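Read-outs throughout are calculated quantities, based only on the coordinates presented, and are distinct from any laboratory measurement. Predicted model only: the values in this text are computed from it and were never measured. When we count neighbours, we look across all protein chains shown, and the Cβ atoms used for this are built from the backbone with ideal geometry, even at glycine.
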Amino acid sequence: MIFKTVGMGATIWSPLASGLLSGKYNNGIPEGSRFAIEGFDWLKDRWMKDNILEKIKKLSDFSRELGVTMAQLSIAWCISNPNVTTAILGASRKDSYWKI
């Protein structure tokens with residue numbers, strides 16, 4: 001495996017799936033969110049599907065059972081992989097960082 005033989009690591013981009021795994025879309029699309037921005041329809045269409053949202057809600061229940069936020073669980077899952085060296089969050093606003 002290249003991670004061990006060459007010493008490379010993986011960079012994870014958008015471990016929160018453009019905010020979907022933060023839980024903020026569990027009850028629809030909030031005003032001012034990335035999915036509400038004109039020109040981001042392709043992103044909204046990719047993620048805002050009933051089968052995906054059902055899985056996200058189950059994951060949200062699981063994170064509550066663990067006593068962590070959805071964002072904490074999602075980021076921890078990514079960086080717990082020993083082959084991951086970096087996770088790029090890509091928050092759309094400064095105040096997004098403080099909600100994690």
By how many degrees, 0 to 90 and rounded to 10, does the Cα axis of helix 70-79 deviate from the longest principal axis of the chain? 20 degrees
Working out 0.36 nm times the residue gap between residue 64 and residue 50, then minus their Cα-Cα distance, what length gain in nm do you get to one decimal? 2.9 nm
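With the contact rule set at Cα under 8 Å and sequence spacing of 6 or more, what percent relative contact order holds for the chain?
Values: 92 pairs, mean separation 42.7, N = 100.
Relative CO of the chain lands at 43 percent.
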Contour minus end-to-end for residue 77 and residue 3, with contour as 0.36 nm per residue of separation and end-to-end as the Cα-Cα distance? 24.8 nm
Positive-end extreme of charge dipole, the chain - chosen from 39, 72, 60 (charges on Cβ): 72
HN-Hα J in Hz across the range 18-24 - Karplus 6.51, -1.76, 1.60, θ = phi - 60°, x for Gly and Pro: 6, x, 4, 7, 7, x, 5
For the chain, size of Cβ-based charge dipole, Lys and Arg +1, Asp and Glu -1, in debye: 200 debye
Non-local amide H neighbours of residue 87 (under 5 Å, H modeled in plane, Pro and chain starts lacking H): which ones? 12
Using Cα Rg over 2.2 N^0.38 Å as the read-out, say which of [x] 1.18; [y] 2.19; [z] 1.02 was calculated from these coordinates. [x]
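Could you tell me the number of lysine pairs in the chain with C-alpha atoms less than 15 Å from each other, where the two lysines are 8 or more residues apart or belong to different chains?
On the way: 24/44; 24/49; 24/55; 24/57; 24/58; 24/99; 49/57; 49/58.
So the count works out to 8.
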